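This report concerns only the one structure given below.
The values are calculated or read from the model by the stated rules, or taken from the named source; none is laboratory data. Predicted model only: the values in this text are computed from it and were never measured. As a convention, Cβ positions derive from the backbone with ideal geometry for all residues, glycine included, and neighbour counts pool all protein chains shown. The accessibility values were calculated without ligands, DNA or RNA, using every heavy atom of the protein model including side chains. Shrake-Rupley method; radii C 1.70, N 1.55, O 1.52, S 1.80 Å.
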Amino acid sequence: MDTVIAVLDRAGSQRLTLRGLATELNSGVASLYWYTNGKDNLMALVTSEVLGRALTQFHALCGDGEPGPEEFEAFPAPRADPRTSAATAQALEELRCLCLCLFSQMREHPWLAGQLLSTARSEENALRSWECTGQLLQRMELDAEQRFYASLAVANYAFGTGAGIAHRHNRPAAEESARQVHEQLERAGRSGPGMFPVVRAMLGSFRDHDDRSEYIAGLELLLAGIERQTWGGSSTP
């Protein structure tokens, strides 16, 4: 698994072959078939391995009382609302940590996002991540239906939106993205002056934007919505 991950990190999934892997291992191709029946199965195995590492990191961080991986130290978690119970606040912190651990692996391994955006979400450790999410939600004041939809929302954000953001992390920088949007707006403006004023006003934000801040901002909006549901229908004063 370590060799496969190293090859994928270096060359990407398109260039991974069993023959090339055998060369890396100073082995024969036939011997690899004791472990996998082909490249698709190998990708599933290595994806599950990396997700397993994210779960291991999550449990270690929670055991040490840490809020998330070191790369997110500059993004402290928001304080819980006074209406939120201590049990729910703790569970929300751990849920945030889990999502950050998953996103950290996606940033470290560029090929992982593509796998998660395709068919890998049914792999064992992807299901374990969903199970872990469900267990954290059970510690909150949510009914069964709320837990169900919250678990779907978190899983879809972590494995869908998160994977998409991480995928862009390894593509053009934020300034390049802003330039592309600007060019598109200019083309639209030629057919209708003054179009998309709000989008134009937001273009400057791309300069201070990075994939971590984008992911965390969306994650905290999602967790705030779940937190609000635990108040039992109370309204903001």
Exercise. Kindly establish whether Asp9 is modelled with pLDDT under 95, part of a helix (DSSP H, G or I) and surrounded by fewer than 13 Cβ atoms within 10 Å (Cβ to Cβ).
Key: no
Self-check item: Test: Leu61 is more than 20 Å from Asn156 (Cα to Cα), at pLDDT 90 or above and hydrophobic (A, V, I, L, M, F, W, C)
Solution: yes
Quiz prompt | Residue list for segment 60-72, restricted to those being open to solvent by 50 Å² or more (accessible area, probe 1.4 Å) and within 17 Å of the chain's Cα centre (by Cα) | solution = Pro67, Glu70, Glu71
Quiz item: Right, Ala80: more than 30 Å from Thr3 (Cα to Cα), open to solvent by 20 Å² or more (accessible area, probe 1.4 Å) and touching a residue at least 60 places away in the same chain (Cβ under 8 Å) or not?
Solution: yes
Practice problem: Search segment 30-47 for residues being of a type outside the set (A, V, I, L, M) and open to solvent by less than 20 Å² (accessible area, probe 1.4 Å), and hand back the single one that is nearest to the chain's Cα centre (by Cα). | Solution: Thr47
Quiz item: Given the structure, is Tyr149 at pLDDT 75 or above, closer than 22 Å to Cys99 by Cα, surrounded by 15 or more Cβ atoms within 10 Å (Cβ to Cβ) and among the aromatic types (Phe, Trp, Tyr)?
Solution: no
